[in-house]
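Here the structure comes first, spelled out in structure tokens, and everything after it is commentary.
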Amino acid sequence: MPMEFLLFGLLAVLLVFMIFNTRKRTKQMKAEQEEKATKTVPGAKVLLQGGIYGTIVAYDPEDLDTPALVEIAPGTIIDVHSQAILRVVEPKDAVVDASADEIVEEQVADESIAPAVETPEETRARLERDADDK
């Protein structure tokens, strides 16, 4: 009989611990969501769930079913579900991106290693050739 009380006491302690731990995690997640909503404004750089970086063009934090508009390249704007925005890229990440951009610019300036840029017509012709080879 005393062993049963001990087991029920242990079970009660574990349940109380689980409840408090769940409430703490819920509060933390809610705070993170609110912080993300306040930082997600037009012009903010973001990382999407698929690993794509972009800049917010339009975002409605009140209506999460409305798609967010994200510019992934100059002039290329895509609609994504607002929950596909993983996080807002902090300025320290932007410094890393800027140094990567400088490296690319240096490589492009050096014509010996500059990548060849295809026109859309050349790309279409290359893809048709590849499709014919298969």
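Which whole-Hz couplings ³J(HN,Hα) result when phi for each residue of the stretch 19-34 is put into the Karplus expression 6.51 cos²θ - 1.76 cosθ + 1.60, θ = phi - 60°, listed in order with x for Gly and Pro?
Each residue's phi maps through the Karplus curve to give 5, 5, 5, 5, 5, 5, 5, 4, 4, 5, 5, 5, 5, 5, 5, 5 Hz.
Given H placed 1.01 Å from N in the peptide plane, which residues other than close sequence neighbours of T40 have an amide H under 5 Å from its amide H?
It is none; the list stays empty.
Can you work out ³J(HN,Hα) from phi for every residue in the stretch 47-62, in order, using Karplus 6.51 cos²θ - 1.76 cosθ + 1.60 and θ = phi - 60°, giving whole Hz and x for Gly and Pro?
Result, rounded to whole Hz: 10, 8, 4, x, x, 8, 8, x, 10, 5, 9, 8, 7, 10, x, 7.
Name the long-range amide H neighbours of L86: under 5 Å, sequence gap of 5 or more, or other chain; modelled H, no Pro or chain starts.
Residues meeting the criterion, in which the H sits 1.01 Å from N, are L47, L48, Q49.
With every protein chain left in place, what is the accessible area per residue of the stretch 41-93 in square angstrom, probe 1.4 Å? Could the numbers behind the result be given before it?
Numbers: 3200 Å² over 53 residues.
Counting only protein heavy atoms, the per-residue value for the stretch 41-93 is 60 Å².
The values are calculated or read from the model by the stated rules, or taken from the named source; none is laboratory data. Everything numeric in this text was worked out from a predicted model, so none of it was measured. Ligands, DNA and RNA are excluded from the accessible area calculation, which covers all protein heavy atoms including side chains. Shrake-Rupley method; radii C 1.70, N 1.55, O 1.52, S 1.80 Å.
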